[in-house]
Amino acid sequence: MKRYNPKEIEPKWQKTWEEQGIYRASEDPSKPKRYVLEFFPYLSGAAMHVGHVRNYAIGDVIARFARMQGQNVLHPMGWDAFGLPAENYAIKTGNSPSLMIKEASAKFKEQLAQMGFSYDWSREINSSDPSYYKWTQWLFLLLYKRGLAYQQTGLQWWCPVDKTVLANEQVEAGKCWRCGSDVEKKSLKQWFFKITEYADRLLEDLGDLEWSDAIKTMQRNWIGKSTGAEIDFKLAEGSEVIRVFTTRADTLFGATFMVLAPEHPLVKRITTTGQKKSIEDYVKESQAKSDIERQETDREKTGIFTGSYATNPANNAKIPVWIADYVLGGYGTGAIMAVPAHDERDWKFAKKYKLPIIRVVQNEAPDEACTHDEGLMMNSGIYDDMRSEEAREQIVADLNKSGVADEHVNYKIRDWLISRQRYWGAPIPIIHCPKDGAVAVPEDQLPVIIPEIESYEPSGDGRSPLARVEEFVNVPCPKCGGPAERETDTMDGFACSSWYFLRFADPHNANAAFDKSKAEFWLPVDDYIGGADHAVMHLLYARFWTKVMFDEGLIEFKEPFKTLRNQGNILAPDGQKMSKSKGNVISPDELISQGYGADSIRLMELFIGPWNQSAAWSVEGMGGTFRFLQRVWTLVQEHIASEESEDITPELPRALAKATKAVSLDMHELGFNTSIASLMELVNELYKLKTITKLGSAQWKAVLTTLIQLLAPFAPHITEELWQRLGNTGSVHTSEWPSWDEKLLISETMTIVIQVNGKVRANIEMPAASSESDVTKLAQSHEKIAEYLQGKAAQKVIYVPNKLINFVI
RNA sequence: GCCGGGGUGGCGGAAUGGUAGACGCGCUGGACUCAAAAUCCAGUGUUGGCAACAACAUGAGGGUUCGAGUCCCUCCCCCGGCACCA
């Protein structure tokens, strides 16, 4: 009898499945569709480790289970291929980045294939392929046409190492999201997408999504909506006006000073000659500070008086105007009315610089700032004794009559900066004409192909390497035919990943980004599986593009991802993140060459704990899942080698029904670890039963066949092999998920737990049909219970039918 | 500080308010073997006891309940995210 050897069977089945195309999806309306998608991998050149494998294993088990349940499953895979890893490789080697992409995608595909994932490879896409980025460019032009793409000069985040600008979301705590180096600010003209115009919809539609609260909250915080008012404060002298945003207009009477951000445009104009020197020094000082420094929360507040005064529109009080770096230039209007009595930061500032503090909302703690308290108004003229919530609206409405206040909604989210001064990205399809300005490249001239170049090094002037390619840059204006210049910026890689899930529905369409009916058939994605690290960037951008496409009528749905599933990370056995530098990376290749095989790795990925919780990889644990598969293998081999028998036992179908039910129910809840545990339990049970019944029976064959089906989504290779060896036709993976006979689970006896005062003291076996009085009688007479009761009747008896009886004494 | 997720044996983890610790790892013992590996079988929360058994036990402390890992309150710790957002 041959032993279980994954090296022999796994490659064989991988080849067969691909040849027979059993995972290919088609628009068959007779079955319910299910679109299962894992975040498509970003080809950074790093090899796949067991942490990545978990992501794909979760998706694959969902896809395989859905298929066996009779659903029409789309489970595709492709490559997020633009970006700096390939470009840096090109700079180093002088080869085209496409070469690196070719190698990296081939390697990744091989690694995925050896894990036995059920992808429809006929739909493979690559975002750096002209047949793909043609449509990324087309979608750029769609946004441009709809007024959602624009150019603007301003201070942008600049990564000095990557030599390119970054979007807001790509700056994490003052550092570049890719390389981790400190970012700088640079004044540049760049392309933006107007995601702010969709802020409200991006916020509202979050409600209907089956996403974790964690991710929803992150998106809400990022969008950062706050409702309030904008109020104008006139300067005491001159005609200048300082506009502020506030969520607490009710505290207007308590505004005893104003603060401008150091970068506020009014600062120079309103500084009085006496204060000029110290203000200039302060502005310079705060510019020199890195953003990380400015973001330290517990920093002492600093600021300088400008010498000017403004008039509080509520009471005409003359209040000083200061500048301070705790006010941010980029949020609201870059200026605030300071209400020290009701804002902690203003309070600290006022204390330090001895500015007046006036309470305007009655509350109980006069010695500190009461920030979120609502209450009755005080020190507020005609608004006194009004509820603060009411006063808030009334004050704005009253000021609005004289045109100095408006209701206003403010957002933290900024427009999406998509220009990149790099080579390896989709060129922005715009031509700049001295006469006609920015002109869209006509659709029939798409794609704007990335030209082959000699040197991939970015030019020192901050422009893309494409700027050096004259044939690329110098083109006639599509409008007037006169000499014009092509845009040389490329698009942020996140543009490509903002629509790839649609391309999978129709990956080879040469005439459109996708066919509407195909997109409508498959989308939205039913199960979108990936790490939480893309919670803000990718998911926000993709939702934005989807809504734009909806508005254009390209699709009829507003949200791309119905259910988002964030898998827990796999850590190294030492509990740390896996990284090359720490030398603690565990790769699936290594485990496979050690003889474990893909099936036991897949099993381990899911058995290690709940799929959405992180866990440290266990090297010893691998032995356990391998052993389990080996036990299954041995069982089937022994059955095949056994003499035919007519033996029958009720234990076999009962154990099977129990497992089938447990696994089926758990699978619907994505309880993969407990499903596997139930299967192990079943196998343990079968090992006991094989000592008391003959293995060669038809009953055994049926039980083993079902066991193999239950195991198939987790361990596709061994189950396919055993399915065949048991003489079944077709593939186990296209077979129908087993059902169970509930009747077999009804037991003739039941175990009643007997408690005294809630403590378990005994348990008894009774016929399942026993009545409450039967149970009470028998339980009372149990020798241990009688001892507790000491002949007296219990004060109270609680009976949970068929389960438990509790005597309270 | 705020938001989200956690805290259960030596370890990963399991438990519709009803026998806490399923399943796996590890460990211990046994079978097989000349021997080892592999495999199979049994045991394994802690303390006391030869044992039956008893007490203790789900981060800490309170509460609700006949009964709490599970529900409520207060607090501590760990992980992830955001962070002077007016």
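The values are calculated or read from the model by the stated rules, or taken from the named source; none is laboratory data. Just so you know, these numbers come straight off a predicted model, no measurement behind them. Here the Cβ is made from the backbone with ideal geometry for all residues, glycine too, and neighbour counts use every protein chain on show. Just so you know, the surface numbers come from the protein's heavy atoms only, side chains and all, with ligands and any DNA or RNA stripped out. Shrake-Rupley method; radii C 1.70, N 1.55, O 1.52, S 1.80 Å.
Each pair of Cα atoms in region A:98-163 enters the Kirkwood radius, and Stokes-Einstein at 37 °C and 0.692 mPa s then converts it into a translational diffusion coefficient of 210 µm²/s. Please label the shape of region A:67-209 as rounded, prolate or oblate, based on the square roots a ≥ b ≥ c of the eigenvalues of the alpha-carbon gyration tensor (a/c under 1.5 means rounded; beyond that, a/b larger than b/c means prolate, else oblate). Oblate is the answer for region A:67-209, as a/c is 1.5 or above yet b/c matches or exceeds a/b. Straight-distance candidates among the lysines for linking to A:K796, with alpha-carbon spacing under 30 Å and chain neighbours fewer than 8 residues away dropped: A:K759, A:K777, A:K784. Evaluating 6.51 cos²θ - 1.76 cosθ + 1.60 at θ = phi - 60° for every residue in region A:53-58, the Karplus couplings come out as 4, 4, 3, 6, 5, 4 Hz, glycine and proline recorded as x. Evaluating 6.51 cos²θ - 1.76 cosθ + 1.60 at θ = phi - 60° for every residue in region A:14-22, the Karplus couplings come out as 4, 5, 4, 4, 5, 5, 7, x, 6 Hz, glycine and proline recorded as x. Near the amide H of A:F257, within less than 5 Å, lie the amide hydrogens of A:A338, all on another chain or at least 5 residues away, with H placed in the peptide plane.
The aspartates and glutamates whose alpha-carbon is closer than 13 Å to the alpha-carbon of A:K284, local same-chain residues fewer than 8 away aside, are A:E263, A:D325. Return one number: the angle in degrees, 0 to 90 and rounded to the nearest 10, between the long axis of the Cα atoms of helix A:130-145 and the longest principal axis of the Cα atoms of chain A. Computed tilt is about 40 degrees. Would you work out if region A:512-623 is rounded, prolate or oblate? Take a ≥ b ≥ c from the square roots of the eigenvalues of the alpha-carbon gyration tensor; rounded if a/c is under 1.5, else prolate when a/b is larger than b/c, oblate otherwise. It is prolate, given that a/c is not under 1.5 and a/b is the larger ratio. With viscosity 0.692 mPa s and temperature 37 °C, the Kirkwood radius over alpha carbon pairs of chain A converts through Stokes-Einstein to a diffusion coefficient of 103 µm²/s. Element breakdown for region A:707-784 at a 1.4 angstrom probe: carbon and sulfur atoms account for 49% of the accessible area. Computed from Cα atoms, the angle from the helix A:651-668 axis to the main principal axis of chain A rounds to 10 degrees. A cut-off of 5 Å between modelled amide H atoms, ignoring neighbours fewer than 5 places along the same chain, links A:A616 with A:L571. Counting only alpha carbon atoms, the long axis of helix A:213-223 and the longest principal axis of chain A meet at about 20°. Once divided by 2.2 N^0.38 Å, the Cα radius of gyration of region A:383-452 becomes 2.26. Once the 1.4 Å probe is applied to the protein heavy atoms, region A:713-783 comes out at 53 Å² accessible per residue. Ignoring lysines fewer than eight residues from A:K348 along the same chain, the ones with Cα atoms less than 19 angstrom from its Cα are A:K301.
For chain A, the antiparallel share of DSSP beta bridges with both residues in that region comes to about 75%. Here is how the number arises for chain A: DSSP H runs of 4 or more residues each give -39500 (n - 2.57), the sum is divided by the residue count, and the result at 222 nm is -11000 deg cm²/dmol. In the full protein context, region A:1-59 carries 48 Å² of accessible surface per residue, based on a 1.4 Å probe and ignoring ligands, DNA and RNA.
Could you tell me the calculated FRET efficiency between A:K743 and A:R627, based on Cβ-Cβ distance and R0 = 56 angstrom, to the nearest 0.05? Given R0 = 56 Å and the Cβ-Cβ separation, E is 0.95. Of the Cα atoms belonging to region A:1-93, the radius of gyration and Dmax stand at 17.5, 56 Å. Accessible area per residue for region A:482-541 is 27 Å², calculated with a 1.4 Å probe on protein heavy atoms, without ligands, DNA or RNA.
With a 1.4 Å probe and all protein chains left in place, how much of the accessible area of region A:468-561 comes from carbon and sulfur atoms, in whole percent? Intermediate values should be presented prior to the final figure.
Numbers: 1500 of 3030 Å².
Roughly 50 percent of what the probe reaches on region A:468-561 is carbon or sulfur.
Compared with the rule-of-thumb size 2.2 N^0.38 Å for a compact globular protein, region A:328-442 has a Cα radius of gyration ratio of 1.75. A crude spin-label estimate for the pair A:E280 and A:D461, with each label 7 Å from Cα along the Cβ direction, gives 3.2 nm.
Between A:K33 and A:N72, the built amide H atoms are under 5 Å apart, and every one of these is 5 or more places off in sequence or on another chain. Give, to the nearest whole percent, the P(r) tail of region A:64-141 beyond 22 angstrom, counting all Cα pairs. Of the Cα pairs, 40 percent sit more than 22 Å apart.
When the expected Rg is taken as 2.2 N^0.38 Å, what fraction or multiple of it is the alpha-carbon Rg of region A:453-564? Please list the in-between numbers first.
Numbers: Rg = 18.5 Å, N = 112, 2.2 N^0.38 = 13.2 Å.
For region A:453-564, the normalised Cα radius of gyration comes out at 1.40.
In chain A, if the dipole is taken from +1 on Lys/Arg beta carbons and -1 on Asp/Glu beta carbons about the Cα centre, which of A:T306, A:L166, A:M491 is farthest to the positive end? So the residue furthest toward the plus end is A:T306.
Ordering A:A615, A:L399, A:L679 by the projection of their Cα atoms onto the charge dipole of chain A, which places +1 on the Cβ of Lys and Arg and -1 on the Cβ of Asp and Glu, puts A:A615 at the extreme positive end.
According to the square roots a ≥ b ≥ c of the eigenvalues of the Cα gyration tensor, what is the shape class of region A:703-786, taking rounded for a/c under 1.5, prolate for a/b larger than b/c otherwise, and oblate for the remainder? Prolate, since a/c reaches 1.5 and a/b exceeds b/c. Charge dipole of region A:601-694 (Cα centre as origin; +1 on each Lys and Arg Cβ, -1 on each Asp and Glu Cβ, all else neutral): 180 debye, rounded to the nearest 20.
Derived scalar couplings between HN and Hα for region A:722-731 equal 6, 4, 5, 4, 7, x, 7, 9, x, 9 Hz in order, rounded to whole Hz, by the Karplus curve 6.51 cos²θ - 1.76 cosθ + 1.60 (θ = phi - 60°), x for Gly and Pro.
Given A:K163/A:K562; A:K186/A:K268; A:K33/A:K547, which pairs have Cα atoms separated by over 25 Å? Pairs exceeding the cut-off: A:K163/A:K562. About its Cα centre, chain A has a charge dipole of approximately 880 debye under the convention of +1 per Lys or Arg Cβ and -1 per Asp or Glu Cβ, with nothing else charged. When +1 charges are put on Lys and Arg Cβ atoms and -1 charges on Asp and Glu Cβ atoms, the dipole computed for region A:1-95 relative to its Cα centre reaches about 440 debye.
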